[in-house]
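Enquirer: Following this message is one structure expressed as C-alpha cells.
The values are calculated or read from the model by the stated rules, or taken from the named source; none is laboratory data. Note that the structure is predicted; figures quoted are calculated from it, not measured. Every residue, glycine among them, receives a Cβ derived from its backbone with ideal geometry; neighbour counts consider all protein chains shown.
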Amino acid sequence: MALINEHYLKLQAGYLFPEIGRRVSEFINANPEKKVIKMGIGDVTQPLVPTVIKAFHEAIDEMGKSETFKGYGPEQGYGFLREAIAKNSYQDNGVAIEADDIFISDGSKCDTGNIQEIFGHNNKIGICDPVYPVYADTTVMAGKTGACQDNGYYDGIIYMPCNEENGFIPELPTEVPDLIFLCYPNNPTGTVATKEELKKWVDYALENNSIILYDAAYEAFITEKNIPHSIYEIEGAKKVAIEFRSFSKTAGFTGTRCAYTVIPKELVAYGPEGDAHPVRNLWNRRHSTKFNGVSYPVQKAAAAIFTEQGKKEVTEVITYYLDNARIMRESLTEAGYTVYGGVNAPYVWVKTKNNISSWEFFDKVLNEANVVGTPGSGFGPAGEGYFRFSAFADRENVIEAMNRIKKLT
Ligand SMILES: *Cc1c(COP(=O)(O)O)cnc(C)c1O
C-alpha cells in the first residue's frame, strides 16, 4: 500500500488568493459595468527590457547551430553568469563573495523551499509573522511541525511577530531557532532592516550557532543610502547566513525564471558529533543531484542585466514601480491612512481605519472603490488590521485607484 507524506495533511488550504479571486469574480458578475483595478498580486507587469530580449534571441540562435549548440550546462550555473553576479552584485559593493559561492537556480521560491532538506530534522525554525507563506509551508512538508492551530500558527515553529511597535523587525526570540528566515526589503510589509538591526541578528546567530536564511528578492528596490543590500555587508555574516536573490522582481523574470543562492565557504553546520561541515558542499551535492541547471538562453538573458545598457534599462523599470509606490504612499497618507513601506520596496502596507479587519477593508475597497488589494491577515495573524497594495501596476491604474480610494468615507 502506497502511503502519502502525512505531513501534507497538516497544510492549510491555500486560502488567501483563491478567496480574493472568489470575491472579485462575484463582484464583477454582479457589476459587469464597473472597471476593477487589481493591485493585489506580487507579480510584475512591465515587459522584459530590450537588452535582455536581445541576449535571449542571440542565445536561442546559438542553440540552433551545431558549432554553438549547448547541451547540459553546469548544474551550478554557467561561469559567465556566476562571475557577473559576484562582481556586480557583491564585489563592486565591497562585499567579498566569489563566483563559486553562487548557485544559479530557477527561482528563490524553490531555493527557500528546498534549502531545509540539507539541514537536520530536529532544527527549530524561526519565521516572521506576517510572512511570505513558502517558508512555513515547506517546514510543514518536511515534517518539522505539529498541527495547525486556529490562528494559523503551526505547532513547533517559532513565530516572530513584526508590527508597528517593533518597526516590523522581530524581537530576538528567547527560544533560539536553529534556522531563521528573514526577508528584507520585506514582502508583505515593504519595510527594510538597517545595518544596526541586521547586525543584531548576525550577532545572535553567531552566538547561538544558528543560520539566517536571508531572502533578498527585493534588494534592487532599495533607494535609501544606509540600508544594506546584502546581509554580507554585516561583519561575520558569511559565517552565519545564506542569501537568496532572484531576477524575478529585479528584472521582470517571474515568467522567465532565474535566481541564485549564495553560500559562503565559511558557513558551517554541525554533524552528530559536533563536527563542522561547510554547508556549501551539501547544497552543491543536492543541486547537482536534483537539478540540471537553468537553460542557457535564460542565463544569457540574465547576464545581460549586468551590461551597462542592461543596468540602465532595468533601473528605469524599477524606478517606474517605485514611482507608483510613491504615488500610492502619498495618496493614502493624504487620505488619512497610516502607511508603511513603499520607499525601498514595491509594497505599501496600510493600516485600516477605525480598527476594521483586513477582510472588511478588502470588501469596502472592492465594493466602493472597485480596487483589489491583499488583506494583511492572509500573511499571518500579525497582519490583521493591515492591507497590502502592490506597486506592480500600470501608472494610469495606480492614479485612478488612488483617486477612488481618496473618495472613500
Ligand atoms: C517574489 C518573491 C520571491 C521570488 O521568487 P522566484 O521563485 O524567484 O520568482 C522570493 N521571495 C519573496 C518574498 C518574494 O516575494
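Enquirer: Hey, can you tell me all the residues within the stretch 160-215 that are among the hydroxyl-bearing types (Ser, Thr, Tyr) and either within 16 Å of the ligand (Cβ to nearest atom) or touching a strand residue (DSSP E or B) at 6+ places or on another chain (Cβ under 7 Å) (or both)?
Expert: Once the filter is applied, which keeps residues that are among the hydroxyl-bearing types (Ser, Thr, Tyr) and either within 16 Å of the ligand (Cβ to nearest atom) or touching a strand residue (DSSP E or B) at 6+ places or on another chain (Cβ under 7 Å) (or both), the stretch 160-215 yields TYR184, THR189, THR191, SER210, TYR214.
Enquirer: Do we find a residue being crowded, with 22+ Cβ neighbours inside 10 Å, of a type in the set (D, E, K, R) and modelled with pLDDT of 95 or more anywhere in the stretch 192-206?
Expert: Taking every residue of the stretch 192-206 in turn, none turns out to be crowded, with 22+ Cβ neighbours inside 10 Å, of a type in the set (D, E, K, R) and modelled with pLDDT of 95 or more.
Enquirer: Here's something else I'd like to know. Scan the stretch 72-108 residue by residue and report those that are more than 16 Å from the ligand (Cβ to nearest atom) and assigned to a loop (DSSP other than H, G, I, E, B).
Expert: As a first pass, look at the stretch 72-108 and keep what is more than 16 Å from the ligand (Cβ to nearest atom): 72-76, 78-80, 82-84, 86-88, 90-101.
Of everything in the stretch 72-108, those that are more than 16 Å from the ligand (Cβ to nearest atom) and assigned to a loop (DSSP other than H, G, I, E, B) turn out to be TYR72, GLY73, PRO74, GLU75, GLN76, TYR78, GLY94, VAL95, ALA96, ILE97, GLU98.
Enquirer: Within the stretch 128-147, work out how many residues are touching a Lys or Arg at 6+ places or on another chain (Cβ under 6 Å) and either assigned to a loop (DSSP other than H, G, I, E, B) or within 19 Å of GLY376 (Cβ to Cβ) (or both).
Expert: 2
Enquirer: Just wondering, is there one or more residues in the stretch 338-352 that are of a type in the set (Ser, Thr, Tyr), assigned to a helix (DSSP H, G or I) and touching a helix residue (DSSP H, G or I) at 6+ places or on another chain (Cβ under 9 Å)?
Expert: The answer is no; no qualifying residue exists.
Enquirer: Would you confirm, using the coordinates I've provided, whether ASN186 is in contact with a Pro (Cβ under 6 Å, 6 or more places away or on another chain), assigned to a loop (DSSP other than H, G, I, E, B), in contact (Cβ under 8 Å) with a residue 12 or more places away in the chain and not aromatic (Phe, Trp, Tyr)?
Expert: Criteria not met by ASN186.
Enquirer: Follow-up question, since we're still on this one. Filter the stretch 250-274 down to residues that are in a helix (DSSP H, G or I) and in contact with a helix residue (DSSP H, G or I) (Cβ under 7 Å, 6 or more places away or on another chain) and give me whichever is farthest from the ligand (Cβ to nearest atom).
Expert: ALA251
Enquirer: ALA142: in contact (Cβ under 8 Å) with a residue 12 or more places away in the chain and surrounded by 19 or more Cβ atoms within 10 Å (Cβ to Cβ), yes or no?
Expert: Details: in contact (Cβ under 8 Å) with a residue 12 or more places away in the chain: yes; surrounded by 19 or more Cβ atoms within 10 Å (Cβ to Cβ): no.
No; evaluated as a whole, the condition is false for this residue.
Enquirer: Could you give every pair whose Cβ atoms fall below 7 Å, whose first residue belongs to the stretch 25-45 and is in contact (Cβ under 8 Å) with a residue 24 or more places away in the chain and of a type in the set (D, E, K, R), and whose second residue is within 14 Å of the ligand (Cβ to nearest atom) and not in a loop (DSSP other than H, G, I, E, B), counting only separations of at least 6 or pairs across chains?
Expert: ASP43/THR254
Enquirer: Also, I was wondering about something else. Working carefully through the options PHE392, PHE361, find the one that is within 26 Å of ASP137 (Cα to Cα) and either within 24 Å of the chain's Cα centre (by Cα) or assigned to a helix (DSSP H, G or I) (or both). Working first, answer last.
Expert: Values: PHE361 fails: within 26 Å of ASP137 (Cα to Cα).
So the residue among PHE392, PHE361 that is within 26 Å of ASP137 (Cα to Cα) and either within 24 Å of the chain's Cα centre (by Cα) or assigned to a helix (DSSP H, G or I) (or both) is PHE392.
Enquirer: Still on this structure, please answer the following. Limited to the stretch 228-249, what total is found for residues that are within 16 Å of the ligand (Cβ to nearest atom) and at positive phi?
Expert: Residues in the stretch 228-249 being within 16 Å of the ligand (Cβ to nearest atom) and at positive phi: 0 in total.
Enquirer: How about the stretch 72-108: which of its residues are surrounded by 17 or more Cβ atoms within 10 Å (Cβ to Cβ), over 20 Å from the mean Cα position of the chain (by Cα) and on the phi > 0 side of the Ramachandran plot?
Expert: Listed by number, the list holds a single entry, GLY77.
Enquirer: Looking only at the stretch 24-46, count how many residues are among the basic types (Lys, Arg), surrounded by fewer than 16 Cβ atoms within 10 Å (Cβ to Cβ) and not in a loop (DSSP other than H, G, I, E, B).
Expert: So the count comes out to 0.
Enquirer: Can you spot a residue in the stretch 309-316 that is closer than 22 Å to THR409 by Cβ, touching a residue at least 60 places away in the same chain (Cβ under 8 Å) and either within 23 Å of the chain's Cα centre (by Cα) or not assigned by TED's automatic domain parsing to the domain that holds ALA193 (or both)? Talk me through it step by step, then tell me what you get.
Expert: Step one: filter the stretch 309-316 for residues closer than 22 Å to THR409 by Cβ, giving none.
No - not one qualifying residue is present in the stretch 309-316.
Enquirer: Turning to a different aspect of this structure: More than 16 Å from the ligand (Cβ to nearest atom) and either surrounded by fewer than 22 Cβ atoms within 10 Å (Cβ to Cβ) or farther than 25 Å from GLY146 by Cβ (or both): does that describe ASP111? Explain how you work it out, then say what you get.
Expert: Details: more than 16 Å from the ligand (Cβ to nearest atom): no; either surrounded by fewer than 22 Cβ atoms within 10 Å (Cβ to Cβ) or farther than 25 Å from GLY146 by Cβ (or both): yes.
It is false that ASP111 is more than 16 Å from the ligand (Cβ to nearest atom) and either surrounded by fewer than 22 Cβ atoms within 10 Å (Cβ to Cβ) or farther than 25 Å from GLY146 by Cβ (or both).
Enquirer: Another question, if that's okay. Among the numbered conditions (1) touching a residue at least 40 places away in the same chain (Cβ under 8 Å); (2) aliphatic (A, V, I, L, M); (3) surrounded by 22 or more Cβ atoms within 10 Å (Cβ to Cβ), tell me where ALA136 comes up short.
Expert: With (1) touching a residue at least 40 places away in the same chain (Cβ under 8 Å); (2) aliphatic (A, V, I, L, M); (3) surrounded by 22 or more Cβ atoms within 10 Å (Cβ to Cβ) applied to ALA136, the lone miss is (1).
Enquirer: Hey, does the stretch 222-229 have a residue that's within 20 Å of the chain's Cα centre (by Cα), in the same structural domain as ASN187 (by TED's automatic domain parsing) and of a type in the set (A, V, I, L, M, F, W, C)? Before you say what the answer is, go through the steps one by one.
Expert: Initially, the stretch 222-229 is screened for residues within 20 Å of the chain's Cα centre (by Cα), giving 222-224, 227-229.
Narrowing the set further to residues that are in the same structural domain as ASN187 (by TED's automatic domain parsing) leaves 222-224, 227-229.
In the following step, the residues that additionally are of a type in the set (A, V, I, L, M, F, W, C) were identified as 222, 227.
Yes, the conditions are met somewhere in the stretch 222-229.
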